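Student: Sharing a structure here in structure tokens format.
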Amino acid sequence: MTKEQFAEMLNGKQYRSEMTSDDGELAKDNGLVVVFGASDDLMKFRGAIDDEVDCYEGGTAYLDSEGLFKDECSDDCSHMLRERATCKTIEAIWFDPEGVAWTYETEIPHETFVIMEGDEICCRGIVFEMASLQ
């Protein structure tokens, strides 16, 4: 399954019913990563990466070829800063100009989908291939 097909499969699902565990396994089996927002403070990763990043009112996730970059020392550690500078990023935008609670900006090739809350778009999630982090 391609990232385009997977995004189409998720498009229009309701908040809190975005993905089943079977969807997560299908994404993982196809080397895909799904990113979407939850509550007011989480960037969720499902599929080939199964994790989340705290991003209250927005924030940045750093990714390397292994997945989410793990800060192993303090924020001012020069080694960590050098390593993080080589990562790809996903920027979580809290309430974009159109009023969508969560959107994402990244240079990682991806496909987008929307998550609804009732009749309103509450998130524009993304799907990308894990291989694009190489």
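Student: Counting only other residues whose beta carbon sits under 10 Å from that of I126, what net charge do I get with K and R as +1, D and E as -1?
Tutor: Taking every Cβ under 10 Å from that of I126, the sum is 0.
Student: While we're looking at this one, here's another question. Relative to the Cα centre, what is the charge dipole magnitude of the stretch 22-88, using +1 at the beta carbon of each Lys and Arg, -1 at the beta carbon of each Asp and Glu, and rounding to the nearest 20 debye?
Tutor: I would put it at about 320 debye.
Student: Set Lys and Arg Cβ to +1 and Asp and Glu Cβ to -1, take the dipole of the chain about its Cα centre, and tell me which of T86, Y104, Q5 lies farthest positive.
Tutor: The residue sitting most towards the positive pole is Q5.
Student: Taking the highest mean first, how do the peptides 56-68, 121-133 order by number of other beta carbon atoms within 10 angstrom per residue?
Tutor: Working: 56-68: 15.4, 121-133: 20.2.
Averaged packing, sorted descending, gives the order 121-133, 56-68.
Student: So, with +1 on the Cβ of K and R and -1 on the Cβ of D and E, and no other charges, what is the size of the charge dipole of the stretch 3-133 about its Cα centre, to the nearest 20 debye?
Tutor: Its charge dipole is roughly 240 debye.
Student: Which is farthest toward the positive dipole end of the stretch 12-134 among A61, F95, I126, measuring Cα position about the Cα centre, with Cβ charges +1 (Lys, Arg) and -1 (Asp, Glu)?
Tutor: Value computed over the given set: I126.
Student: Now for a separate question. Please give the net charge around K13, taking every other residue with its beta carbon less than 14 angstrom from that of K13, where Lys and Arg add +1 and Asp and Glu add -1. Spell out each step's value before the answer.
Tutor: Numbers: positive: R16, K44, R46, R124; negative: E8, E18, D22, D23, E117, D119, E120.
Around K13, the surrounding residues sum to -3.
Student: Please give the peptides 78-85, 34-41 ranked by average Cβ packing (other Cβ atoms within 10 Å per residue), highest first, as a rough proxy for protection.
Tutor: Values: 78-85: 11.9, 34-41: 20.2.
Taking the mean over residues of other Cβ atoms within 10 Å, the ranking is 34-41, 78-85.
Student: Here's another thing I want to ask about it. Report the FRET efficiency, 1/(1 + (r/R0)^6), for S17 and D96, where r is their Cβ-Cβ distance and R0 is 25 Å, rounded to 0.05. Please list the in-between numbers first.
Tutor: Values: r = 22 Å, r/R0 = 0.90.
So the FRET efficiency works out to roughly 0.65.
Student: Let me ask another. As a test of the formula, what do you get for the chain when each DSSP H run with n ≥ 4 contributes -39,500 (n - 2.57) and the sum is divided by the residue count, at 222 nm and rounded to the nearest 500 deg cm²/dmol?
Tutor: Values: 3 runs with 25 residues, N = 134.
Only helices count here, giving -5000 deg cm²/dmol.
Student: Quick check: net charge around F36, other residues with Cβ under 9 Å of its Cβ, Lys/Arg +1 and Asp/Glu -1?
Tutor: Values: positive: K44, R46, R124; negative: E18.
With Lys, Arg at +1 and Asp, Glu at -1, the net is +2.
Values quoted throughout were computed directly from the atomic coordinates according to the rules given, and no laboratory measurement underlies them. All figures in this text were calculated on a predicted structure; none of them were measured in a lab. With ideal geometry, Cβ positions are generated from the backbone for all residues, glycine too; neighbour counts draw on all protein chains shown.
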